[in-house]
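Everything below concerns the one structure shown next.
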Amino acid sequence: MCCVVCLDVSQPYNIIDDLNKWINLAMDLTSEYIPHLPIEMQDQMRENIVNFIKMYEEPVLDEDGRVLKNVKLTEGEGKEDLMKEIPLPEGVLKVNIGIPLIVVGTKSDVLKTSDNIIFEDSNLEILQKGLRNTCLSYGGTLIYSSAKQIVNLDLIYNYITSRLYKFPFGFKPIIDEKHKIFIPAGFDSLELIEELAKGNSKTLDQIFIKPHGTGGAKEEEIVVEDFSQLLSAQKLKGYLNQTVMSAVTGKDAKDPKKYFKNLIKNPKAPKQFK
């Protein structure tokens, strides 16, 4: 199990607030689900997150791009146990929700192709800084992607499967291409984040201001149907479908006209649909 939060980085207005809302929702869901598991399993889930961050290393690849080895585990016996004993760096994994958190910034091609001044490099570093700080607090991973330009799509798939099934993962962090950012859990630190946007004292709210509508038209209100009513309607629909099928395949199959005449005379649905 993992949590994947997708955010549109081409419209970064209130993006940190949106990210926090989705993380809070994930925390609410896990807080309902995890307590029903055995205590040992709960502890193991949280420990797995901690150990993954502590044991992170950049993959070593051969000439064909295949993962060669795990350097930390080949540096000597007991290295893994030693790494697990080292405390987490400051600011890392302040909150452990028990499952991997992966934050995907979509439509990242706009960050490279747009002529809008708000997407200049120093502003994008402020955006990245905010996202990375939040991810760091939850032990999360940050990935920029674009379906339009096929950016990091295979990386996302491979990363999710590696976290879920412990498959080999052969992608190194990407920090110097503004539309291809990949900051895996365990790589980042407060020191690295502080290197971003030096000399730019603006905040996200000061840079990315949501434009006001020009027409003043009120957005159409969407009314969500009550779930119990929706369920009842679906049951009734299913009953009517079965009724029609029985008209074709049942005892009145030879005379559907007679069947529907009888149905019109007695149109009452079964009691459970009333």
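Observations on the structure shown:
- For beta carbons closer than 8 Å, sequence separation of 6+ or different chains, a first residue in the range 153-172 that is within 20 Å of D62 (Cβ to Cβ) and a second that is in a helix (DSSP H, G or I) and open to solvent by less than 30 Å² (accessible area, probe 1.4 Å), the qualifying pairs are F167/T161; P168/S162; F169/Y159; F169/S162; F171/L155; F171/Y159.
Condition check ((1) under 26 Å from C135 (Cβ atoms); (2) of a type in the set (V, I, T); (3) open to solvent by 40 Å² or more (accessible area, probe 1.4 Å); (4) at pLDDT 70 or above) across all residues:
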residue	(1), (2), (3), (4)
L37	yes, no, no, yes
E47	yes, no, yes, yes
D62	no, no, yes, yes
T74	no, yes, yes, no
P87	yes, no, yes, yes
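- Number of the exception - I117 against (1) out of contact with any Phe, Trp or Tyr (no Cβ under 7 Å at 6 or more places or on another chain); (2) among the hydrophobic types (A, V, I, L, M, F, W, C); (3) touching a residue at least 24 places away in the same chain (Cβ under 8 Å): (3)
The values are calculated or read from the model by the stated rules, or taken from the named source; none is laboratory data. Since this is a predicted model, take the numbers as computed values, not measurements. As a convention, Cβ positions derive from the backbone with ideal geometry for all residues, glycine included, and neighbour counts pool all protein chains shown. Quick note on the areas: whole protein, heavy atoms, side chains included, nothing else; ligands and nucleic acids left out. Shrake-Rupley method; radii C 1.70, N 1.55, O 1.52, S 1.80 Å.
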